[in-house]
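No lab work stands behind these numbers, since they all come straight from the coordinates. Note that the structure is a prediction, hence the values are computed from the model and not measured. In this analysis, Cβ positions are derived from the backbone assuming ideal geometry, glycine residues included, and neighbour counts consider all displayed protein chains.
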Ligand SMILES: Cc1ncc(COP(=O)(O)O)c(C=O)c1O
């Protein structure tokens, strides 16, 4: 249980100040799509437009993508703002938020900042971090108003089974709580992506996502919340207290991206498939790492069998110009997170250096 209110995010501060490196295997997301590869014409852009409770042409496209009515869509600045808005909409100070553990730090920090009491339910490494509805049921308390989880799971990349999600929804609904699912990585399954949890029970599930990770479009900050229409309206009103109106050129660029999403996705998929094979070969050759097979997504969360991950991460950064995310940011100090959405040359160079760092560490330990 977290008691004092968060006033920032330790993980985000680290990510912004310490993760940049020549071989950055820390930042998640597919390598940025250059503007030159987005088929945008100057006449597609405008500085200001009728964006009040959403810019209608963008609302329509986001709704079509999610398979919902535009009244269910709240556009937001990345999944980050989408999460903040969704948490703010369903949590009053003193309410309990039941958040998966481990998870993406800012989810916990934002709930705490909003004055919620944060309880955790475990996703266990012994069961490959699978979502287990029984753990949710056990941890749920009378003041739990919101269950929070990510799918794909950050940091482990585990895909939640639809049946488990449905069951979590039933448990939450029975307790008068809602379920927030951060689906920012789900599109990285491309045509194999399961439908959004929202469709399992629109009165219970609220989901967030963005074009940032799976498509290499982080700079667009095109994010969304999908919720039942009354909740969506409430969230739009809340947004008046945060950003109010987004940058219209970004909305126009998001429309161009959404209209050309198939080739953008194909580029991302090719990159991830090639990189996944490279990383899988690396794991197979490194007995000191315990890593499940890579099937989808863009992150992996191996366990270091011996030695200190913090020392390894330090060595990589200082000696090898390479960064990974130390597991301590996820409460798992014997794991680290590798992102493999980067350019293939960056991954190859980073893995060569990670191998050298592991060899150095083995000599020290051994
Ligand atoms: C689970 C999760 N949610 C949200 C975000 C932030 O997404 P965005 O860049 O769209 O704001 C991240 C970024 O790493 C993430 O891992």
Checking residue 277 against (1) touching a strand residue (DSSP E or B) at 6+ places or on another chain (Cβ under 9 Å); (2) within 30 Å of residue 337 (Cα to Cα), the condition it does not meet: (1)
Checking residue 16 against (1) within 14 Å of the ligand (Cβ to nearest atom); (2) touching a residue at least 40 places away in the same chain (Cβ under 8 Å); (3) part of a helix (DSSP H, G or I); (4) within 30 Å of residue 325 (Cα to Cα): exactly one of these is not met. Which one? (2)
Out of the residues in the stretch 188-211 that are in contact with a strand residue (DSSP E or B) (Cβ under 7 Å, 6 or more places away or on another chain) and closer than 24 Å to residue 251 by Cα, which is nearest to the ligand (Cβ to nearest atom)? 210
Among the residues of the stretch 61-90, which ones are touching a helix residue (DSSP H, G or I) at 6+ places or on another chain (Cβ under 6 Å) and free of Cβ contacts under 8 Å to residues at least 60 places away in the same chain? 63, 70
